[in-house]
Number of protein chains: 2
Amino acid sequence: MNVSQQIETRTAASERNMANAIRFLAMDAVQKANSGHPGMPMGMADAVTVLFNRFIKIDPSLPDWPDRDRFVLSAGHGSMLLYAIHHLIGFADMPMAELTAFRQLGSKTAGHPEYGHTLGIETTTGPLGQGIATAVGMAIAEQMMAARFSSALCNHFTYVVAGDGCLQEGISHEAIDLAGHLKLRKLVVLWDDNGISIDGSTDLSTSMNQLARFRAAGWNAQSVDGHDPEAVAKAIARAQRTRKPSLIACRTRIGKGAATMEGSHKTHGAALGDKEIAATREKLGWPHPPFFVSPEIKTAWEGVAMRGRMAREAWEIRLDASRSKKRYQQIVGRQLDGEIAEPLAKFRAAHRKRATKVATRQASQMVLEVVNGATDLTIGGSADLTGSNLTMTSQTKAIGPGDFKGRYLHYGIREHGMGAAMNGIALHGGFVPYGGTFLAFSDYARGAMRLSALMGLPVIYVLTHDSIGLGEDGPTHQPVEHLAMLRATPNLNVFRPADIIETAECWEIALGEKKTPSVLALSRQALPMLRHTDGDENLSARGAYVLKEARGCRHITLLATGSEVEIAVAAAERLQADKGIEAAVVSMPCWEKFEAQEPSYQMEVLGDAPRLAVEAAGRLGWDRWMGPDSAFVGMTGFGASAPAGDLYRHFGITADHVVAEALKLLGRVGREKPLTASQQTGTDIVRTSQET
Amino acid sequence: MNVSQQIETRTAASERNMANAIRFLAMDAVQKANSGHPGMPMGMADAVTVLFNRFIKIDPSLPDWPDRDRFVLSAGHGSMLLYAIHHLIGFADMPMAELTAFRQLGSKTAGHPEYGHTLGIETTTGPLGQGIATAVGMAIAEQMMAARFSSALCNHFTYVVAGDGCLQEGISHEAIDLAGHLKLRKLVVLWDDNGISIDGSTDLSTSMNQLARFRAAGWNAQSVDGHDPEAVAKAIARAQRTRKPSLIACRTRIGKGAATMEGSHKTHGAALGDKEIAATREKLGWPHPPFFVSPEIKTAWEGVAMRGRMAREAWEIRLDASRSKKRYQQIVGRQLDGEIAEPLAKFRAAHRKRATKVATRQASQMVLEVVNGATDLTIGGSADLTGSNLTMTSQTKAIGPGDFKGRYLHYGIREHGMGAAMNGIALHGGFVPYGGTFLAFSDYARGAMRLSALMGLPVIYVLTHDSIGLGEDGPTHQPVEHLAMLRATPNLNVFRPADIIETAECWEIALGEKKTPSVLALSRQALPMLRHTDGDENLSARGAYVLKEARGCRHITLLATGSEVEIAVAAAERLQADKGIEAAVVSMPCWEKFEAQEPSYQMEVLGDAPRLAVEAAGRLGWDRWMGPDSAFVGMTGFGASAPAGDLYRHFGITADHVVAEALKLLGRVGREKPLTASQQTGTDIVRTSQET
């Protein structure tokens, strides 16, 4: 045996032990919690040990170092793989006590890896396929940063461990198609090719040739024995050299090492049992008690951290020497507010004088033209509806294969992939992504949008054609329940501005958020400017405000959002002129912001007169604001195909109908005499309204 | 020129004119509406003419003939292609007047094809990818019917026209993987391979080799000149013979034939303009005015209908001669209610005596065991969570490649594909599909679930692990906003049963629906039986009912659903025992059914005492039932990873907390003295509660 052979043998022995440490920590933690997934960490322990031991560049003492490699555990149920490694390489928040508290309340070791909850978790995973699709966004951001700075400052890989589930989910198709197209050469996916899913063999539901599939999408694809460290290492090295994104199919046995259950789907999602674990200790020659790692193995793992720290220190020297240092730090730190506040204030001031009538999607584009001119942090895009969403501006040249200097992404007809890629771009840092589709197709992006909210990422969804106002395309394209769906989602701002001023305000708020994603629900149809106040306070920031106050005592309050504020204003004017009824109009561009106001402000805005809400959407959620004496004008079912104006009339979302319902309401709640002496003429008409 | 050559030449000339008739009807209708998509109908006119003229077996005079070929326009924006053909082959509801009313209110020619709205529309399309994924369900149902009856009774193809968008959407991956795996040899997809999407060339966003991709999934794949009728015909004939599902890439020019705009993405989604259309008439030698088809061309198209009618008549003779006729007609007519009503009544009666404590997902499986034993119309399945959703019973053997006798589908890790396939199975007829996943992953299936509701298909979604009660898997797997999302969807029953009796009731209602899909939100955790009434009335059918009435006058009403009804009952008992406060408990297993009740019943149930609602989900929507004097106990944000019991305590969804909130509420609304003289002791305690 020559020296090189000796080193190799020693490495192999060491890596076998390093991998077995993962296996036993996973087995022990799942057993103690009596909950979790040991099969995947055990199956992928060998391959992932090689990845970390020989390749990955992270520094546990500085988990947010911008040029670190990203490691995404797309098969998030195998979280113990990650927690075990984090313990072994010395993340500060992952002492052994956390492993023994796996899946317990308040522990750092949540059932699935959660971004922001535990150091070094690059993205929340668990809903299958999200990890790989988010990693595509990270790899895009890496390439965009590298195109802006030298490779001395930005030069890292994005590694993904994906399972069969990740590759079966539809989102994986959107992700790999986009990645292959853009030639994201620094994206490397290790597929845990174990042929097992929860129901049993993957033969039950798939016959896909994954290698051929990835190659069809423009990927480099290799297949190796996932338990052969040298083969895995060679494949990763080759993947690093190719000009394409890479798939490495690691042929593994689920629950590898388990005494009797290796290869069985029973190892997937349940504790193995004390007996099996004891037998496995026997079989693998592992003399240690549960939750114990020998100093030699710990030292071997700490080598990973040491290599990472050295790489980080070298990078810092390069950064200090770089002329781009200041700009780099500014971008990574995302100092957006300062850049856009003044231009946006000017924009609002200018338009207040003009009374510009435009669709809010158009207003949004006008705002974006200002924003994108003031900062280069924003990255636009659309799921193949650029001309409809109006997400492109004069500054946003598209990126393309091998060309990452641009600021716009043609995401393709891939709403879900777009959402996940935006999450990845935001997680990577350096950019603020916004992307467009129709509001109705937020259905397709739901999985990723929920993760934006759960992770608290300041991603902005530009969702146009936000009601039956979309018109002829019909009910498949007309949102009805989507505002409710999005408003029900925790930590998601849903903005529905009524005119150009509110649109600018809502963009300003959205771009100022640090931990909350935003939806901008925007109209296809033109809307008049309704906000003519003198002040430059951002009124949308309070969520709702009195757009038009009643003269004297309110008889009724009309609540509305977006395109229906115009209708409410017209109805209020008609109520006053025709019936002498004093109606206030409240515009509610953001329920979430209004919910956060003091009760006193809420009551001041909502008032104690009967309330009528109007929105071209379903009623669900509105009762929160309508209160007891109230009525709702909106949608009760799906839309229809016709010109927008016809639909508004057909579904009764008109000023006429609001007036009629207001009169009915005032009659019903026994406010037959709500009027002052000088307005007594209105009284009769209110009574009459009960007959209609 | 010999006779066969002459016939071929004449066929070619005829088919060219038949195709041009589609082109001009599409151009004219879009022009008149000034809205719509001419590019796709023009590009695919040649290929689809060949498909209809030489292959498709439909009878416009009997659009619902069960053994017809199914034609699915997955690229639904090309609806004028379908409407033009429907006009030309004589569908009764498609006179020329409908084409001139394209995209107008009340017309049969909606912007996108809508199932149930227009004769012969096999499925609603428009949201891209849904068509191809729904067609997979149709093709599965065809194979399942063929496995039950002879090919003399069931032997038809499912044809799909898909665009680039359909193939980019993630759902297409789930669909083609499943179809390839099951070897759905009678599924034929014609892909409109025109290289254009809305933003411009598909080069902007994809480099996918679609043929290689489909082959990787186990499909037969061919590529032909989509404007060469003989090449298209040969490819379809070959596709019919292969033992796999087939893709035919039809290389086409979008807007084919247009004078100057052929090949441009500008023909995709807007009228061409009078000038361009006039020039196109010139170029193609089309002397006819708008909306005119010459008698010769009409006669040629009517040949399609004639061939279909003959095929249908021959089939009817075979059916009459078949010994399976009665069973066949019963299955196609779906007489389910009759088969399951009695067994389910017995089930409920038996369990009323037993007080069975089980998770509602387990109760669901017990009910399914009864249902699947009483009928063989039900087809079960799960998106790889069979053991968790408990959707399999002793009767449901799985189907597999080439074996369609079974009654269970391993849909794979494909929630979206499962939803669409279930839609296709329901649309095909012959079966009642139900399928399971976790409630949180209804996110992934949203696109298809919305179409279930929009089309009014009696598909049943078994959504288990319906709250933080899921426990350790954590917030990614714990639904919070999903009940609101689903309740906001029109025409969708959302059931959340509280115990085994309600679970049986809800299943009975769901299986009895003809035009409404259902969601069964079911618990992971065991729940005690709470319903002990003597009668056998299905109380869940009223949506909500008083489970536990107050003794005498109600001081408070507790509203709850599913797993929280147990908590409400415990709280009510404690309020009574500890404080002398009389609380009624209302179980609300289905809001939609309750909404449909008479106001008098609603008021009787809800009562006029202050109300407190408890549900382990977000509040959005609850105010509708809570009214003005009310409180809510539930979730205000995302969940966490921990054992279920710990989470319920952590988030305060406990009887203790309900009691505390009830006392606060009663204090707040000034009901310090809600009690009768005999219960005066309670008064002080209510007052005390204000201090907590």
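Got at least one residue in segment B:601-615 being within 13 Å of chain A (Cβ to nearest Cβ) and either of a type in the set (Ser, Thr, Tyr) or part of a strand (DSSP E or B) (or both)?
Within segment B:601-615, one or more residues are within 13 Å of chain A (Cβ to nearest Cβ) and either of a type in the set (Ser, Thr, Tyr) or part of a strand (DSSP E or B) (or both).
Considering only segment B:621-643, state which residues are within 9 Å of chain A (Cβ to nearest Cβ) and within 18 Å of B:Val565 (Cβ to Cβ).
Matches in segment B:621-643: B:Gly621, B:Trp622, B:Trp625, B:Met626, B:Met635.
Kindly indicate which of A:Glu592, A:Glu598, A:Glu604 is touching a helix residue (DSSP H, G or I) at 6+ places or on another chain (Cβ under 8 Å), open to solvent by 30 Å² or more (accessible area, probe 1.4 Å) and closer than 16 Å to A:Arg542 by Cα.
A:Glu592
Looking at A:Val358, A:Val332 in this structure, which one is among the β-branched types (Val, Ile, Thr) and more than 24 Å from A:Ser151 (Cα to Cα)?
A:Val358
Only one of A:Arg354, A:Arg312 is touching a residue at least 12 places away in the same chain (Cβ under 8 Å) and farther than 15 Å from A:Val370 by Cβ. Can you tell me which?
Every option except A:Arg312 fails the conditions.
Within segment B:550-575, which residues are surrounded by fewer than 24 Cβ atoms within 10 Å (Cβ to Cβ) and more than 38 Å from the chain's Cα centre (by Cα)?
The answer is B:Ala550, B:Arg551, B:Gly552, B:Cys553, B:Arg554, B:Glu573, B:Arg574.
Among all residue pairs at least 6 apart or on different chains, which show Cβ distances below 6 Å where the first residue, located in segment A:436-459, is among the basic types (Lys, Arg) and the second is at pLDDT 95 or above?
The qualifying pairs are A:Arg446/B:Asp443; A:Arg446/B:Arg446; A:Arg450/B:Asp443.
For the subset of segment A:444-473 comprising residues that are open to solvent by less than 10 Å² (accessible area, probe 1.4 Å), assigned to a helix (DSSP H, G or I) and more than 23 Å from A:Arg70 (Cα to Cα), which member is nearest to the other protein chains (Cβ to nearest Cβ)?
Out of the qualifying residues, it is A:Arg446.
To keep it simple, each residue is scored yes or no on (1) open to solvent by 10 Å² or more (accessible area, probe 1.4 Å); (2) at positive phi; (3) within 18 Å of the chain's Cα centre (by Cα).
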site: B:Met138; (1), (2), (3): no, no, yes
site: B:Gln143; (1), (2), (3): yes, no, no
site: B:Arg148; (1), (2), (3): yes, no, no
site: B:His156; (1), (2), (3): no, no, no
site: B:Ala175; (1), (2), (3): no, no, yes
site: B:His181; (1), (2), (3): no, no, no
site: B:Asp192; (1), (2), (3): no, no, no
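Hey, can you tell me all the residues within segment A:474-503 that are at the interface with another protein chain (Cβ under 9 Å from one of its Cβ atoms), crowded, with 24+ Cβ neighbours inside 10 Å and among the polar types (S, T, N, Q)?
Result: A:Thr476, A:Thr489.
Being more than 7 Å from chain A (Cβ to nearest Cβ) and open to solvent by less than 30 Å² (accessible area, probe 1.4 Å) is the filter; apply it to segment B:197-210 and report the residue that is nearest to B:Thr267 (Cα to Cα).
B:Gly200
Within segment B:644-689, track down each residue that is open to solvent by 20 Å² or more (accessible area, probe 1.4 Å), away from chain A (no Cβ under 14 Å), part of a helix (DSSP H, G or I) and modelled with pLDDT under 95.
Once the filter is applied, which keeps residues that are open to solvent by 20 Å² or more (accessible area, probe 1.4 Å), away from chain A (no Cβ under 14 Å), part of a helix (DSSP H, G or I) and modelled with pLDDT under 95, segment B:644-689 yields B:Ala677, B:Ser678, B:Gln679, B:Thr681, B:Asp684, B:Ile685, B:Arg687, B:Thr688.
With (1) open to solvent by less than 10 Å² (accessible area, probe 1.4 Å); (2) part of a helix (DSSP H, G or I); (3) in contact with a strand residue (DSSP E or B) (Cβ under 7 Å, 6 or more places away or on another chain); (4) within 25 Å of A:His268 (Cα to Cα) as the list, and A:Val161 as the residue in question, which single condition is left unmet?
Of (1) open to solvent by less than 10 Å² (accessible area, probe 1.4 Å); (2) part of a helix (DSSP H, G or I); (3) in contact with a strand residue (DSSP E or B) (Cβ under 7 Å, 6 or more places away or on another chain); (4) within 25 Å of A:His268 (Cα to Cα), only one is false for A:Val161: (2).
Quick test for you: out of B:Tyr601, B:Tyr545, pick the one residue that is of a type outside the set (S, T, N, Q) and farther than 28 Å from B:Leu470 by Cα.
B:Tyr601
Please tell me if B:Ala355 is under 20 Å from B:Lys514 (Cβ atoms) and either acidic (Asp, Glu) or open to solvent by 10 Å² or more (accessible area, probe 1.4 Å) (or both).
Considered against the rule, which asks whether it is under 20 Å from B:Lys514 (Cβ atoms) and either acidic (Asp, Glu) or open to solvent by 10 Å² or more (accessible area, probe 1.4 Å) (or both), B:Ala355 comes out as no.
Mind telling me which of the residues B:Phe102, B:Phe91 ends up being within 25 Å of B:Ser197 (Cα to Cα) and either over 24 Å from the mean Cα position of the chain (by Cα) or of a type outside the set (Val, Ile, Thr) (or both)?
Just a single option satisfies the conditions, and that option is B:Phe102.
For segment A:263-317, how many residues meet the condition of being among the charged types (D, E, K, R) and touching an Asp or Glu at 6+ places or on another chain (Cβ under 6 Å)?
Count: 2.
Considering only segment B:369-402, how many residues are within 12 Å of chain A (Cβ to nearest Cβ) and either outside any loop (DSSP other than H, G, I, E, B) or farther than 23 Å from B:Arg243 by Cβ (or both)?
So the answer is 13.
In contact with a strand residue (DSSP E or B) (Cβ under 9 Å, 6 or more places away or on another chain), modelled with pLDDT of 95 or more and small (Gly, Ala, Ser): is that true of B:Ala139 in this structure?
Yes; evaluated as a whole, the condition is true for this residue.
Determine which single condition A:Leu427 fails, assuming it passes every other condition in (1) more than 14 Å from chain B (Cβ to nearest Cβ); (2) open to solvent by 10 Å² or more (accessible area, probe 1.4 Å); (3) touching a strand residue (DSSP E or B) at 6+ places or on another chain (Cβ under 9 Å); (4) closer than 20 Å to A:Val367 by Cβ.
(4)
Please specify each residue of segment B:164-202 satisfying the condition of being in a strand (DSSP E or B) and at pLDDT 95 or above.
Matches in segment B:164-202: B:Leu187, B:Val188, B:Val189, B:Leu190, B:Trp191, B:Asp192, B:Asp193.
So which pairs qualify, if the first residue must be in segment A:407-422 and facing another protein chain (nearest Cβ under 7 Å) and assigned to a loop (DSSP other than H, G, I, E, B), the second must be aliphatic (A, V, I, L, M) and open to solvent by 10 Å² or more (accessible area, probe 1.4 Å), the Cβ gap must be under 8 Å, and the two must be at least 6 apart or on different chains?
Pairs found: A:Gly412/B:Leu204; A:Ile413/B:Leu128.
Just to be sure I understand, how many residues within segment B:31-60 are over 29 Å from the mean Cα position of the chain (by Cα) and more than 29 Å from B:Leu187 (Cβ to Cβ)?
Within segment B:31-60, residues that are over 29 Å from the mean Cα position of the chain (by Cα) and more than 29 Å from B:Leu187 (Cβ to Cβ) number 4.
List every residue pair whose Cβ atoms lie under 8 Å apart, where the two residues are 6 or more positions apart in sequence or sit on different chains, the first residue falls within segment A:587-613 and is of a type in the set (Ser, Thr, Tyr), and the second residue, located anywhere, is modelled with pLDDT of 95 or more and not in a helix (DSSP H, G or I).
Here the result reads A:Ser587/A:Ala498; A:Ser587/A:Leu530; A:Ser587/A:Ala544; A:Ser587/A:Tyr545; A:Ser587/A:Leu547; A:Ser587/A:Ala560; A:Ser587/A:Thr561, each pair linking segment A:587-613 to a residue that is modelled with pLDDT of 95 or more and not in a helix (DSSP H, G or I).
So, B:Met261, is that one free of Cβ contacts under 8 Å to residues at least 60 places away in the same chain, over 36 Å from the mean Cα position of the chain (by Cα) and away from chain A (no Cβ under 14 Å) or not?
Against the criterion (free of Cβ contacts under 8 Å to residues at least 60 places away in the same chain, over 36 Å from the mean Cα position of the chain (by Cα) and away from chain A (no Cβ under 14 Å)), B:Met261 qualifies.
The values are calculated or read from the model by the stated rules, or taken from the named source; none is laboratory data. As the structure is a computational prediction, the values presented were derived from the model and not from experiment. Note that each Cβ is placed from the backbone with ideal geometry, even for glycine, and that neighbours are counted across all protein chains shown. What goes into the accessible areas is simple: the full protein's heavy atoms, side chains included, and nothing from ligands, DNA or RNA. Shrake-Rupley method; radii C 1.70, N 1.55, O 1.52, S 1.80 Å.
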